[in-house]
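No value in this document is a laboratory result; all are computed from the given coordinates. In this text, all values refer to a predicted model and were calculated from it rather than measured experimentally. When we count neighbours, we look across all protein chains shown, and the Cβ atoms used for this are built from the backbone with ideal geometry, even at glycine.
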Amino acid sequence: MARKKKGEDLNGWLIIDKPRDITSNAVVNITRRIFNANKNGHTGTLDPFATGVLPIAFGEATKLISYVMDGDKEYEFLIQWGVETSTDDTEGEIVGESEVFPSKEEILKMIPQFIGKIKQTPSAFSAIKINGQRAYDLARKGEDVEMPEREIEIYALELLEELPNHQAKFRVACSKGTYVRTLGKDLAKKLGTLGYLLELRRTKCGVFSSDDNILLDKIKKIEYKEELAKVLLPIETSLRDIAEIAVSEADAAKLKQGQKISPKPYQIDALIGREVVAVFEGRLVAIVGVDVSKISPLRVFNL
């Protein structure tokens with residue numbers, strides 16, 4: 001007997017403005033239920049206390065999750081100077097205090113030291129896996145967790161404003177793998193004080209930004225399937241920064257079957273060694289790898 005599907009086959013992107021105090025996985029489950037979708041997933045965990053851009057992939061778009069996760073990110077965050085918590089955010093206990101509060105001039109002078117490739121050691125209360133287990137699960141059990149140091153890149157770090165009660169708001173543009181909580185803590189230490197994040201908001205994730213966001217509460221209030229379908233962005237939206245090759249109908253059929261095609265009919269000189277999008281009549285066929293002798297399908301889409 002054929003296995004009954006658990007939901008409808010939907011393809012596309014939903015860019016949720018994740019609210020505070022909810023997990024990213026919970027957003028995935030809620031949206032899957034609302035859309036009665038067969039398959040969906042998110043593109044990188046936002047901590048429960050964090051808000052902002054959380055792209056949710058539906059159906060064939062899940063094949064592109066890694067492309068969005070590997071993209072650069074932007075965040076806005078609010079630091080409380082003079083206090084350190086066990087989790088580097090509002091969810092932990094206070095573990096240290098300082099009477100040192102940096103001036104605007106000191107902050108601006110320190111910022112250049114955090115631009116470029118830097119090393120950071122993420123908090124034990126992070127989603128990094130240690131021997132197959134999430135670090136935060138081990139930390140919450142009281143186990144000692146040795147976190148590996150990693151290299152990340154900060155493209156821009158800007159002091160947006162100073163606020164009362166020894167608080168400061170920043171914006172950062174950074175590579176994947178950057179822990180903004182750790183960045184806030186390290187910045188405070190370099191300034192001779194302590195600090196933790198009061199707020200963290202992601203404003204960009206890969207090609208998606210706050211301009212694409214839709215509130216989770218708004219999704220919950222949509223009653224008709226036709227209206228729900230309208231809020232999904234096309235799969236191709238996540239590939240708008242990737243070069244494109246328009247292939248023939250015959251070559252599109254080969255790629256869909258997992259076969260390589262000849263590059264001779266196409267202008268590939270500038271694309272050799274790159275991953276590009278293959279399309280037929282404007283529709284997504286595959287992500288392909290290009291070299292001088294062949295074009296190889298890497299991810300094939302059944303649309």
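Structure values in brief
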quantity: GNM flexibility winner over the chain from 272, 65, 111 (Cα, springs under 10 Å); calculated: 272
quantity: Karplus-derived HN-Hα couplings along the stretch 247-252 (A = 6.51, B = -1.76, C = 1.60, θ = phi - 60°), whole Hz, x at Gly and Pro; calculated: 9, 6, 4, 5, 5, 4
quantity: Net charge dipole size for the chain [Lys, Arg +1 and Asp, Glu -1 on Cβ; Debye, nearest 20]; calculated: 1380
quantity: Sorted by Cβ neighbour density within 10 Å, fewest at the top, the residues 86, 262; calculated: 262, 86
quantity: Overall form of the stretch 157-217 per C-alpha gyration tensor (a/c, 1.5; a/b vs b/c); calculated: prolate
quantity: The stretch 242-300 shape via C-alpha gyration tensor axes, a/c threshold 1.5; calculated: rounded
quantity: Ranking of 277, 68 by count of other Cβ atoms within 10 Å, fewest first; calculated: 277, 68
quantity: Average Cα contact separation per residue, the chain, under 8 Å, 6 or more apart, as relative contact order %; calculated: 20
quantity: Most positive-pole-ward Cα, 188, 75, 231, against dipole of the chain from beta carbon charges; calculated: 231
quantity: Listed residues 85, 300, 55: farthest to the positive end of the dipole of the chain (Cβ charges); calculated: 300
quantity: Label corresponding to volume of the Cα convex hull per residue in Å³ when calculated from the structure given, among (1) 180; (2) 163; (3) 223; calculated: (1)
quantity: Ranked list, fewest to most other Cβ atoms within 10 Å of each Cβ, for 42, 166; calculated: 166, 42
quantity: Candidates 284, 198, 163: whichever shows maximal mean-square fluctuation once the chain is modelled as a Gaussian network with Cα springs under 10 Å; calculated: 163
quantity: The chain: most fluctuating residue of 97, 60, 199 per GNM, C-alpha cutoff 10 Å; calculated: 97
quantity: Per-residue ³J(HN,Hα) for the stretch 39-50, Karplus 6.51 cos²θ - 1.76 cosθ + 1.60, θ = phi - 60°, Hz, x for Gly and Pro; calculated: 7, 7, x, 9, 10, x, 5, 9, 4, x, 7, 8
